[in-house]
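First the structure, in the form of structure tokens, and then the observations on it.
The values are calculated or read from the model by the stated rules, or taken from the named source; none is laboratory data. The shown structure was predicted, so the numbers you read here are calculated from the model rather than taken from an experiment. So basically every Cβ, Gly included, is an ideal-geometry build from the backbone, and we count neighbours across all protein chains shown.
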Amino acid sequence: MSTDSGVRKTAFIHGNIITMDSEKPRAEAILVVGDRISGVGSDSEIEAFIDKGTEVIDLGWRTLVPGFIDCHAHPMGYGESLMAVDCRTPPVSSIQDMVAAIRRKAEEKPEGEWVIGVGYDDFKLTERRHPNRWDLDEAAPDNPIIITRMCGHVSVANSLALQMAGITKDSADPEGGQIDRDQETGEPTGVLRGSAMALLYKLIPPSDMEQLRRAFSLAAEQFLARGVTSVSDAGVDSPLVVRAYQAAIREDGVPLRVNLMMSAGILDELSRLGIQTGFGDERLRIGAIKIVADGSSSGRTAAVSEPYVDAPGNTGIMYISREELDEKVLASHKAGFQVGVHAIGDRAISAVLDSYEKALKELPRADHRLRIEHCGICTPAIVERIRGMGVVPVPQPIFLYGEGESYRAGLGEERVKWAYPLRSFLENGIVTPMSSDCPATSGTELISPLLGIYVAVTRKTDSGRELGPEQRIGVEDALKCYTLNSAYATFEDDVKGSIEPGKLADFAVLSEDPTRIAEGKIKDVYAEMTVVGGRVVYTRP
Ligand SMILES: [Zn+2]
């Protein structure tokens, strides 16, 4: 244990410490020197190193775990959503509520300025349907409006916004997208799916640097307050966003650690500069290249091999051709990047595995950690292929909480047993991280790792009903998924994810020990304190 003088020293004592280090799974105390863990042991072992320069934090026998690592989220988008009209269902319960909230926002804005809403879930609205252009016209006919479903794959625009985008009765559906139409008149209803959303999104002036910087700070506060100390932004494609992260982290001192997954669209620029996965430092670094293969399950746009039970004939949408997928995967892999492809339906997952197989054949790499983002609707054959190839699935069990009943309705009881099959992954020795995909989830609690862990452990939806209970995993395993395995998913398990000497001193202090309470209570556990690099960055008020 090192004790150089002049360096900040902190001792965390009297703790119920869950280390995620298999050699020493529990401890009472930790010595931190600078931003690293220097020693882990019993109180008496660590107390021997305390001198007058050491700050001592008495944990009062509370539970301390490694800081949670959310290896797939959208912190910038989440931060922006915290600034947009909140259409999440709940707190919104009906289209009428939503219209009222949009009207209030529009009243603060001049005519013609965009009103943006996020997070609605048609499945949970009283009306059980998507809002349409006419509903939104009622809220504000003189401002263009776009609201996006919580999955991020379906949006609704009002008439003015459709008109600005030139979308009429005669517009053809774009490749990989759909413009919903009124069955009788053929008029667009305002509901836009997949790539059709881009027809509108491209008209919205992007957030400026100050807005983005603020958005990230707002999001970071929320993550840190839930014990999350590292997050990956699963899809960055603008220099402004990269700059905003730098400014927020380096100038504003936001302590949340960030991995940037870069969109495949800017691969050429990155490789021209020689940038590869891992570029950066422990606070802000470049991660994988992100590619999107299909849509979402709850939006019925995930590409499945058998039609959805409640949408006969619909097998979802592949957003990308097989050739293009092969090409992008290979180019990213060759350029020295880890690759993460968004694939939720089994048809999309199989296509991604095919592309990975080809890329690895052309350029074998032993430790590739090629990722499949979400990897939602699996089959035994898919799990076997993932195991054999050493691919990292990146599932979000939290989806099964707010959207589990929608999954059940879309997939039926048999197929849903293979939705986010964590137990099958772990039993096959597949290193499985956990993450939130926030804000692409339904409900009011979007980022709580403890809620994700609760769902992984109980397989219960927010209705309290079980969903594929065969896939339940143990609490300790779930904690490992959200810490050490998530560090593995970003190639950072050498510096984070467990409490071991030499690793970064990132911790979450919890209100209760999730391994020692009734399963049903895990979701109510909260972070009382969050530590990043040995510094306390959040304390529950
Ligand atoms: Zn995502």
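Run down ALA244, ALA198 and say which single residue is among the hydrophobic types (A, V, I, L, M, F, W, C), at pLDDT below 95 and not in a strand (DSSP E or B).
On inspection, the qualifying residue turns out to be ALA198.
Among GLU23, GLU45, GLU55, which is the only one that is of a type outside the set (A, V, I, L, M, F, W, C) and under 23 Å from LEU224 (Cβ atoms)?
GLU55
Taking region 80-89 only, how many residues are away from the ligand (no atom under 15 Å from the Cβ), part of a helix (DSSP H, G or I) and crowded, with 22+ Cβ neighbours inside 10 Å?
Of the residues in region 80-89, 0 are away from the ligand (no atom under 15 Å from the Cβ), part of a helix (DSSP H, G or I) and crowded, with 22+ Cβ neighbours inside 10 Å.
Tell me which residues, restricted to region 450-499, are in contact with a strand residue (DSSP E or B) (Cβ under 6 Å, 6 or more places away or on another chain) and within 16 Å of the ligand (Cβ to nearest atom).
Across region 450-499, the qualifying residues are SER486, ALA489, THR490.
Mind listing just one residue for me: the one in region 14-36 that is aliphatic (A, V, I, L, M) and more than 21 Å from THR515 (Cβ to Cβ) and, of those, surrounded by the most Cβ atoms within 10 Å (Cβ to Cβ)?
Only one residue tops the list, namely LEU31.
Could you count how many residues in region 401-436 are within 16 Å of the ligand (Cβ to nearest atom) and modelled with pLDDT under 95?
Counting residues in region 401-436 that are within 16 Å of the ligand (Cβ to nearest atom) and modelled with pLDDT under 95 gives 2.
Look at region 354-381 and say how many of its residues are closer than 24 Å to SER271 by Cβ, outside any loop (DSSP other than H, G, I, E, B) and either of a type in the set (A, V, I, L, M) or touching a residue at least 40 places away in the same chain (Cβ under 8 Å) (or both).
Number of matching residues: 5.
Among the residues of region 323-380, which ones are away from the ligand (no atom under 16 Å from the Cβ) and small (Gly, Ala, Ser)?
Across region 323-380, the qualifying residues are ALA331, SER332, ALA335, GLY336, SER350, ALA351, SER355, ALA359, ALA366.
If you scan region 519-541, which residues turn out to be closer than 20 Å to LYS503 by Cβ and polar (S, T, N, Q)?
THR530
So, in region 500-532, how many residues would count as being crowded, with 21+ Cβ neighbours inside 10 Å, among the hydrophobic types (A, V, I, L, M, F, W, C) and out of contact with any strand residue (DSSP E or B) (no Cβ under 8 Å at 6 or more places or on another chain)?
Number satisfying all stated conditions: 1.
Could you list, ordered by first residue, the pairs with Cβ atoms under 9 Å in which the first is in region 251-274 and free of Cβ contacts under 8 Å to residues at least 12 places away in the same chain and the second is crowded, with 21+ Cβ neighbours inside 10 Å, at least 6 apart or interchain?
Close Cβ pairs satisfying both conditions: GLU251/ARG213.
Within region 100-138, can you find the residues that are outside any loop (DSSP other than H, G, I, E, B) and over 31 Å from the mean Cα position of the chain (by Cα)?
Once the filter is applied, which keeps residues that are outside any loop (DSSP other than H, G, I, E, B) and over 31 Å from the mean Cα position of the chain (by Cα), region 100-138 yields GLU107, TRP134, ASP137, GLU138.
Limited to region 237-257, what total is found for residues that are over 23 Å from LEU510 (Cβ atoms), more than 15 Å from the ligand (Cβ to nearest atom) and touching a strand residue (DSSP E or B) at 6+ places or on another chain (Cβ under 7 Å)?
The number of residues fulfilling the criteria is 4.
If we scan region 3-13, do we find a residue that is over 15 Å from ALA505 (Cβ atoms) and free of Cβ contacts under 8 Å to residues at least 40 places away in the same chain?
Scanning region 3-13, I find at least one residue that is over 15 Å from ALA505 (Cβ atoms) and free of Cβ contacts under 8 Å to residues at least 40 places away in the same chain, so the answer is yes.
Can you name the residue in region 211-236 that is assigned to a strand (DSSP E or B) and in contact with a helix residue (DSSP H, G or I) (Cβ under 9 Å, 6 or more places away or on another chain) and, of all such residues, is nearest to the ligand (Cβ to nearest atom)?
For region 211-236, the residue satisfying everything is GLY235.
Would you pick out the residues in region 330-345 that are surrounded by fewer than 24 Cβ atoms within 10 Å (Cβ to Cβ) and without any contact (Cβ under 8 Å) to a residue 60 or more places away in the chain?
Answer for region 330-345, where residues must be surrounded by fewer than 24 Cβ atoms within 10 Å (Cβ to Cβ) and without any contact (Cβ under 8 Å) to a residue 60 or more places away in the chain: LEU330, HIS333, LYS334.
Here is a check on your reading of the model: is ALA161 out of contact with any Ser or Thr (no Cβ under 8 Å at 6 or more places or on another chain) and over 23 Å from ASP437 (Cβ atoms)?
Yes: the conditions hold for ALA161.
Among the residues of region 59-74, count how many are outside any loop (DSSP other than H, G, I, E, B) and within 16 Å of the ligand (Cβ to nearest atom).
Adding up the residues that qualify gives 5.
Here is a yes/no grid of residues against (1) in contact (Cβ under 8 Å) with a residue 60 or more places away in the chain; (2) over 25 Å from LEU82 (Cβ atoms); (3) surrounded by fewer than 20 Cβ atoms within 10 Å (Cβ to Cβ):
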| residue | (1), (2), (3) |
| --- | --- |
| TYR120 | no, no, no |
| HIS130 | yes, no, no |
| LEU136 | no, no, no |
| ALA139 | no, no, no |
| ASN143 | no, no, no |
| VAL156 | no, no, no |
| ALA165 | no, yes, no |
| GLY177 | yes, yes, yes |
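Of VAL7, VAL56, which residue is among the hydrophobic types (A, V, I, L, M, F, W, C) and not in a loop (DSSP other than H, G, I, E, B)?
Being among the hydrophobic types (A, V, I, L, M, F, W, C) and not in a loop (DSSP other than H, G, I, E, B) holds for just one of VAL7, VAL56, which is VAL56.
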